[in-house]
Amino acid sequence: MLEANDLTYTYAGESLPALENVSFRVGPGECVCFCGHSGCGKTTLLLALKGLLHEGTLEGEVRHGGGLPSGGDILSGFGLVFQNAESQLLCSTVFDEVAFGPENLCIPPSEINRRIVQALTAVNLLEFGNRNVERFSAGQKQRLCIAAVLSMHPRVLLLDEPTSQLDRKGRNDLLAVLSGLKEQGISVIIAEHNIEPFVGLIDRYYTMSGGSITGVLDHPPEQYRCGHLNGSTVHQPRRAAAYGSTLISAENLSVSYPGNPAVLDNVTFSAMKGELVHLHGENGCGKSTLLKAIAGAIRPDSGHLWVGNKDFPDTGELLGKAALLFQNPQRQLFEDTVADEVAFTLKRLKLPPEEIVHRVRSALALCEAAHLSDRLPLTLSFGEQHRVALASVIAPDPELVLLDEPFAGLDPTQRLRLLKTLSRLREERGTTIVIASHDPLPDAEWADRIVVMENGRCVDKTDFG
């Protein structure tokens, strides 16, 4: 039995607690879910259970098996999979990453090898054992983190938004693993915006707001079932191929990485000015690489690429004209405050100070992040970081916005509002927007065109114009 009693935590330098009087119990083989809007305290709760909150003030207690867990019990008995997989990866290869935890527990080598095979098989990554972790997609990295935690045989598994980067197959694999763990008596605690994949697994739901538990339910709260919102519409009146001219033209693009050939294999892709495009495909199909090539972040091995009036542009040539929102927002957040973060590119464009202030305020308001203006970006929740990164991307008013899995960390309502925000950009500014995601969009009618990718190729194009 895991029991939390009156957990209260306040981050260093903050006046309001991130957790306040949180109490709950989880029995062996039970699965409970904490759900709530971005910033409500879900991630902080998991960090508190794992014993990873050190700099602030923590009150209350966590008991497991009738007693207070020691440091060693927490290390081996509590397994935490972070929302941001990249922050959890330490080793260069898949095998080394999964072996790292058991090695630190001084497990015999023969047992470590058995655990590696077992854990990687559970997440369908065994064939990639010698692959460099940096060449993995975000979804593959998330599955690897799950395998690394499973190899330590935890008695309590803590999962922070475990499906945010997983495609349908990855989710199904994860559900099978979690069902098996429950049968073994493992307690599972999930913090999640989209509870739809887990409704057959979860025994109890805790809703959270402002760091406190606001309700306990034995049935799924409807507002966190993303699947129920797919029929909702936020679409503005469509103007297919709004301006009639081509902004992106890619012909026969090929990109390969060491040990991972043909990430892009003769890809042909285009987008018109003012067009809304959904680039859809499973993890590892090449979506992120295509966006990076278009943004000038990587140079293709072969083929031709034209963006705006530039052949094979680099990032400097596209400054203020094209912007890429990364899958992991922490990769593009580095300033001391949110306001400075959003202002960074505007300063590089040498805009007048009063114009910079106006654009920062406007972009933050549009992304529902104005209240975060003075916060340190890296102290925000994953969903809040995504909104801040989006504000920094749209503040320069670029012609082209490329969004790589932008819905991670956003609850169902926020996902729909994001699409509405992007529609406003197209309607008011004529912005071309390309969203890459492994799931269907929350509003099935948002895109003018859907381009499906498989195995490094664009295999299907559906035009709704």
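Observations, loosely collected:
- Taking amide H atoms as placed 1.01 Å from N in the peptide plane, the amide H of Ala18 lies under 5 Å from those of Tyr9, Thr10, Tyr11, each 5 or more residues away in sequence or on another chain.
- Counted charge near Phe136, where neighbours are those whose Cβ lies closer than 11 Å (Asp, Glu -1; Lys, Arg +1): +1
- Of the beta bridges in the chain, as assigned by DSSP with both residues counted there, near 55 percent are antiparallel.
- Long-range tail of P(r) for the stretch 372-465 (Cα pairs > 21 Å, %): 38
- The angle between the Cα long axis of helix 138-150 and the longest principal axis of the Cα atoms of the chain comes to about 10 degrees, rounded to the nearest 10.
- Summed residue charge, Cβ within 11 Å of Ile186's Cβ, Lys/Arg positive, Asp/Glu negative: 0
- Residues in the stretch 282-293 carry Karplus couplings, in order, of 6, 3, x, 7, x, 4, 4, 5, 4, 5, 5, 5 Hz; the curve used is 6.51 cos²θ - 1.76 cosθ + 1.60 with θ = phi - 60°, and Gly or Pro positions show x.
- Global form of the stretch 72-129, assessed from the alpha-carbon gyration tensor, a/c cut-off 1.5: oblate
- The stretch 275-334: C-alpha gyration tensor shape, a/c 1.5 cut-off, then a/b vs b/c: oblate
- Couplings 3J(HN,Hα) for the stretch 420-428, derived from phi with the Karplus relation 6.51 cos²θ - 1.76 cosθ + 1.60 (θ = phi - 60°), are 5, 4, 5, 4, 5, 4, 5, 5, 8 Hz, where x marks Gly and Pro.
- On Cα atoms only, tilt of 338-348 relative to the major axis of the chain in degrees: 30
- In sequence order, calculated HN-Hα J values of the stretch 24-41 (Karplus, 6.51, -1.76, 1.60; Hz; x Gly/Pro): 6, 9, 9, x, x, x, 8, 10, 10, 10, 9, 10, x, 5, 3, x, 7, x
- Under 5 Å, built H, 5+ apart or other chain: amide partners of Glu454: Val459
- Cα-only Debye scattering, the stretch 170-211: base-10 log of I(q)/I(0) at q = 0.17, 0.18, 0.29, 0.32 Å⁻¹: -0.51, -0.56, -1.20, -1.35
- For the chain, calculated [θ]222 nm from helices alone, where every DSSP H run of n ≥ 4 adds -39500 (n - 2.57): -9000 deg cm²/dmol
- For the stretch 337-383, the solvent-accessible area with a 1.4 angstrom probe is 54 square angstrom per residue.
- Local electrostatic count at Gly56 - Lys and Arg +1, Asp and Glu -1, tallied over other residues with Cβ under 14 Å: -4
- Across q = 0.06, 0.08, 0.09 Å⁻¹, the chain modelled as identical point scatterers on its alpha-carbon atoms has Debye log10 I(q)/I(0) values of -0.27, -0.48, -0.61, in the order of the q list.
- Distance distribution note for the stretch 59-207: the fraction of Cα pairs above 26 angstrom is 23%.
- Dimensionless Rg ratio for the stretch 142-230, taking C-alpha atoms and the 2.2 N^0.38 Å reference: 1.10
- Segment Asn21-His358, extension gain: residue separation times 0.36 nm, minus the distance between their alpha carbons: 117.3 nm
- Relative to the longest principal axis of the Cα atoms of the chain, the long axis of helix 382-394 lies at roughly 10 degrees.
- Accessible area of the chain belonging to carbon and sulfur atoms, whole % at 1.4 Å probe: 49
The values are calculated or read from the model by the stated rules, or taken from the named source; none is laboratory data. Source: prediction; values computed, not measured. Here Cβ is always computed from backbone atoms with ideal geometry, including for glycine, and neighbour counts include all displayed protein chains. These area figures cover heavy atoms from the full protein model, side chains too; ligands, DNA and RNA do not enter into them. Shrake-Rupley method; radii C 1.70, N 1.55, O 1.52, S 1.80 Å.
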